[in-house]
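Novice: Have a look at this one before I ask anything.
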Amino acid sequence: MVKLMISRSVSRLLLLILLPELLFINLAVSQTDIKTLPGFKGQLPFNLETGYVGLGKNDENLQLFYYFVESERNPRHDPVIIWINGGPGCSALWPFFYQIGPLKFDYANVVGTLPQMEINPYSWTKVASVIFVDASGSGFSYAKTEEAYKTSDTATAASIDQFLRKWLVKHPKYLSNPLYVAGVSYAGLIIPVAVQDIINGNEAGAYPRVNIKGYMGGNPLTDIDTDFNSRIPYAHQFALLSDEMFESADANCNGDFTNLNSINGLCQNSLLHVDECLKYINEHQILEPMCESEMTTKRMLQQMPQSSNMNLVKSIQLSRLPQSWCRGDNYAYATAWASDETVQPFNLNHNLYIFYNRLKGDNYAYATAWASDETVQKALHVREETIQDWLMCNDDHYELGRNSTSTFQYDITSTIGYHRNLTQTDCRALIFSGDHDLVFPYIGTQKWIHSLDLTVTKPWSPWFINRQVGGYTEILSYKDYSLTFATVKGAGHASPEYKPEECLSMVDRWLNSTFM
């Protein structure tokens, strides 16, 4: 199955290499205003622009597709946010439809063969202008050469700096707006590096100057050892593990659950018991039913290279209880529709593709179906024949475990040093965590934040929304740098997906320096 996904990406690349060179002339930045979209009735009540920004020293062999939504409040003065996708290597439609964007799918309705959309009342575009960018190899972004298709953590961060400067040249009216780099999950390894690159570029005289003011990260992967090691203590804290079980694992593994000694039988045995308690827990939101095939906690903690074998995934797939509700149920109609061969847009190993997506718990069939529709691509002004099929994420990056692939180098394992460097700058940071996330638990985030040795200027206290506790927060600072840490009560891994109203209120207050 992994070979299948790689072959699809290679086919996508070969198609681009064979395109006539005339197609790629003068494509540094192109943009189009979008007034209507298939699946949405009437004109869009917000300003949407789509386009491409070409990256590369000379021939711009990498073309990144973006969606830009102007702030619905006061675009002349409101901040501009560039959103970095997690994954790594995922499409902008993930956050656009499921997290902070202005539209969401109407899960109860499909007209003809096209998913329908409705307004998201809690979009972050209510308070800021947002740039959503398709990562290399996903969505509508594409590369002209095999070399341009290859990327890494550090290259991704550097591309954000280059993208912004080219985009701002074509959008000079936003040069004075405050700019923030933001994202969730895996983007935590990219965001602080990108911010440092932008600051370094400004200091070196790069044009145009980016009015960078800070960054935001939600349940961010920041330090692999710290974040992965926090899972077992978090599970104990939330009564998923007994005192005896946690104390045994902690003692036998010397508090290190990621760098395991294969001859330490006591540690291995303790983790077997831990795994038995956690393998049926939904790691993205521990209170919601377990519906997706997941790596077991022990195997995730060990990050075993051989775990890329699809047989392992199949062996731990869970049976669905008939009456259990799942977040993925919201997408059931679309999954059924997208799986129907009479309307399925994919022409390459269709059945195997559908099986793979079901196996890995893909609940985002609506976005795939919508983006694959020809009328949608025409409406978005996607360049013809630049992609063979639409991918939510670059599958070359999606081998279980953390081995580098032929197209992606995992060359950042910790960004704590970058955060520490940024404390020497005039910069603001908002780090927020859904407090029911077992993927990158908030206690690991707190640990690396406190390792920065900042001064606590506002101690841990609740913040409120609608006269109810929305979460808890503390503010830390050093000279001109400030960091606000906030939990979102009841939220899972991508907080805006679980608690959209709370997250909009949170970011609005923080952007206006009135947070809590």
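Novice: Given the structure, is Thr154 part of a helix (DSSP H, G or I), over 24 Å from Gly56 (Cα atoms) and in contact (Cβ under 8 Å) with a residue 40 or more places away in the chain?
Specialist: no
Novice: From the list Leu380, Leu454, Leu430, Leu391, which one is touching a strand residue (DSSP E or B) at 6+ places or on another chain (Cβ under 6 Å) and farther than 22 Å from Asp227 by Cβ?
Specialist: Result of the check over Leu380, Leu454, Leu430, Leu391: Leu380.
Novice: Step by step: first the residues of the stretch 68-95, then only those that are aromatic (Phe, Trp, Tyr) and under 19 Å from Trp167 (Cα atoms), then the one that is farthest from the chain's Cα centre (by Cα). Which residue is that?
Specialist: Phe68
Novice: Here is a further query. Hey, Tyr122 hits all of (1) buried (at least 23 other Cβ atoms within 10 Å of the Cβ); (2) hydroxyl-bearing (Ser, Thr, Tyr); (3) not in a strand (DSSP E or B) but one; which does it fall short on?
Specialist: For Tyr122, the failing item is (1).
Novice: On to the next question. Being at pLDDT below 95 and in contact with an Asp or Glu (Cβ under 7 Å, 6 or more places away or on another chain): is that true of Val439 here? Give the derivation first.
Specialist: Working: at pLDDT below 95: yes; in contact with an Asp or Glu (Cβ under 7 Å, 6 or more places away or on another chain): yes.
Spelling it out, Val439 is indeed at pLDDT below 95 and in contact with an Asp or Glu (Cβ under 7 Å, 6 or more places away or on another chain).
Novice: For Glu283, work out the one condition from (1) assigned to a helix (DSSP H, G or I); (2) closer than 20 Å to Ser230 by Cβ it doesn't fulfil.
Specialist: Every listed condition holds for Glu283 apart from (1).
Novice: Okay, moving on. Can you name every residue in the stretch 500-516 that is surrounded by fewer than 24 Cβ atoms within 10 Å (Cβ to Cβ) and at pLDDT 95 or above?
Specialist: Pro500, Glu501, Leu504, Ser505, Asp508, Arg509, Trp510, Leu511
Novice: Kindly establish whether Val195 is surrounded by fewer than 24 Cβ atoms within 10 Å (Cβ to Cβ) and more than 19 Å from Asp78 (Cβ to Cβ).
Specialist: In short, no.
Novice: Now a separate question. Tell me whether the stretch 460-469 contains one or more residues that are crowded, with 18+ Cβ neighbours inside 10 Å and closer than 22 Å to Pro233 by Cβ.
Specialist: Scanning the stretch 460-469 turns up no residue that is crowded, with 18+ Cβ neighbours inside 10 Å and closer than 22 Å to Pro233 by Cβ.
Novice: Tell me which residues, restricted to the stretch 42-67, are over 12 Å from Gln162 (Cα atoms), in a loop (DSSP other than H, G, I, E, B), touching a residue at least 24 places away in the same chain (Cβ under 8 Å) and not hydrophobic (A, V, I, L, M, F, W, C).
Specialist: Pro45, Asn47, Asp59, Asn61, listed by residue number.
Novice: Now a separate question. Return the residues of the stretch 98-139 that are farther than 28 Å from Gly492 by Cβ and either aliphatic (A, V, I, L, M) or touching a residue at least 40 places away in the same chain (Cβ under 8 Å) (or both); say none if nothing qualifies.
Specialist: Initially, the stretch 98-139 is screened for residues farther than 28 Å from Gly492 by Cβ, giving 111-114.
Scanning the stretch 98-139 gives Val111, Thr113, Leu114.
Novice: Related question: Tell me which residues, restricted to the stretch 68-112, are small (Gly, Ala, Ser) and assigned to a strand (DSSP E or B).
Specialist: Across the stretch 68-112, the qualifying residue is only Ala108.
Novice: Here's a follow-up. Do we find a residue being acidic (Asp, Glu) and in contact with a Phe, Trp or Tyr (Cβ under 9 Å, 6 or more places away or on another chain) anywhere in the stretch 405-425?
Specialist: Among the residues of the stretch 405-425, not one is acidic (Asp, Glu) and in contact with a Phe, Trp or Tyr (Cβ under 9 Å, 6 or more places away or on another chain), which makes the answer no.
Novice: Give the residue, chosen from Gly214, Gly139, that is on the phi > 0 side of the Ramachandran plot and part of a loop (DSSP other than H, G, I, E, B). Talk me through it step by step, then tell me what you get.
Specialist: Values: Gly214 fails: part of a loop (DSSP other than H, G, I, E, B).
Unique residue meeting the criteria: Gly139.
Novice: Please enumerate the residues belonging to the stretch 238-274 that are under 20 Å from His493 (Cβ atoms) and free of Cβ contacts under 8 Å to residues at least 40 places away in the same chain.
Specialist: Ala239, Leu241
Novice: If Val80 passes every condition in (1) at pLDDT below 95; (2) over 21 Å from Asp389 (Cβ atoms) but one, which one does it miss?
Specialist: Tallying (1) at pLDDT below 95; (2) over 21 Å from Asp389 (Cβ atoms), Val80 fails exactly one: (1).
Quick grid of which residues meet (1) hydroxyl-bearing (Ser, Thr, Tyr); (2) crowded, with 16+ Cβ neighbours inside 10 Å; (3) modelled with pLDDT of 85 or more; (4) outside any strand (DSSP E or B):
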{"position": "Gln344", "(1), (2), (3), (4)": "no, yes, no, yes"}
{"position": "Ile354", "(1), (2), (3), (4)": "no, yes, no, yes"}
{"position": "Ala367", "(1), (2), (3), (4)": "no, yes, yes, yes"}
{"position": "Ala371", "(1), (2), (3), (4)": "no, yes, yes, yes"}
{"position": "Trp390", "(1), (2), (3), (4)": "no, yes, yes, yes"}
{"position": "Ile431", "(1), (2), (3), (4)": "no, yes, yes, no"}
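Novice: Also, quick follow-up: Would you mind stating whether Met1 is among the hydrophobic types (A, V, I, L, M, F, W, C), more than 22 Å from Tyr142 (Cβ to Cβ) and at pLDDT below 90?
Specialist: Working: among the hydrophobic types (A, V, I, L, M, F, W, C): yes; more than 22 Å from Tyr142 (Cβ to Cβ): yes; at pLDDT below 90: yes.
Against the criterion (among the hydrophobic types (A, V, I, L, M, F, W, C), more than 22 Å from Tyr142 (Cβ to Cβ) and at pLDDT below 90), Met1 qualifies.
The values are calculated or read from the model by the stated rules, or taken from the named source; none is laboratory data. The shown structure was predicted, so the numbers you read here are calculated from the model rather than taken from an experiment. Methodologically, a virtual Cβ is constructed for each residue, glycine included, from the backbone with ideal geometry; neighbour enumeration extends over all protein chains shown.
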